[in-house]
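A short worksheet on the structure shown next.
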Amino acid sequence: MNTTNSNTEITLLARSAPYGSGAAKLCLDVSIAAAVFEQTVNYVFLDDGIYQVLDEQDASPINSKSLGKTLEALGLYGIEKLYVDEDSLRKRNLSTDQLLPQVELVNADAIKKFINQSKFVLTL
């Protein structure tokens, strides 16, 4: 029996808006797949990707499912925190009270640390 820790740290950099392409959904799917296999996931939202973590999203006018509800459920898979780049938030004139509750603001140094300590980094 192998007793070594097989946990791998993965950082996902979500840079795409939630709708209009498949990138946001693909990043979400990767996060769930990694978490199911007990990998540590750093899910970071940058640039237009921060729109994915807006609270109370309603995608019904474009006949789509809202990503917000699925993102809120990531805790069931062991992804307790979602990280948002504070510069991206500020540049888009958004505030933390507009975001999902499990979001934590991080600066560029924290994002660099996630990237440096991860075995895999995926940008979508």
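Here are the numbers for the structure shown:
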item: Neighbour net charge for Glu56 - beta-carbon separation under 15 angstrom, K R +1, D E -1; result: -2
item: Mean Cα-pair separation over length for the chain, i.e. relative contact order, pairs under 8 Å, 6 or more apart, %; result: 34
item: Net charge over other residues, Cβ less than 15 angstrom from the Cβ of Ala108 (K, R count +1; D, E count -1); result: -1
item: Full-stretch length increase - Ala110, Tyr77 - with 0.36 nm per residue and alpha-carbon distance subtracted; result: 9.6 nm
item: Length gained when the stretch Ser21-Arg92 is fully extended (0.36 nm per residue, less Cα-Cα span); result: 23.6 nm
item: Rounded tilt (10° steps) of 23-36 against the dominant C-alpha axis of the chain; result: 30
item: Efficiency of FRET from Cβ geometry, Glu56 and Asn7, R₀ 30 Å, rounded to 0.05; result: 0.35
item: Of (i) 11, 30, 15, 7, 8, 15, 12, 3, 0; (ii) 13, 47, 31, 7, 2, 0; (iii) 13, 50, 33, 4, 0, the label for P(r) over Cα pairs in 10 Å bins from 0, in percent derived from the coordinates; result: (ii)
item: Tilt relative to the chain, helix 108-117 - C-alpha long axis, 0 to 90 degrees, to 10; result: 30
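Values in this text are rule-based calculations from the coordinates and carry no lab data. None of the values given here were measured: they were computed from a predicted structure. We place every Cβ from the backbone using ideal geometry, glycine too, and count neighbours over all the protein chains shown.
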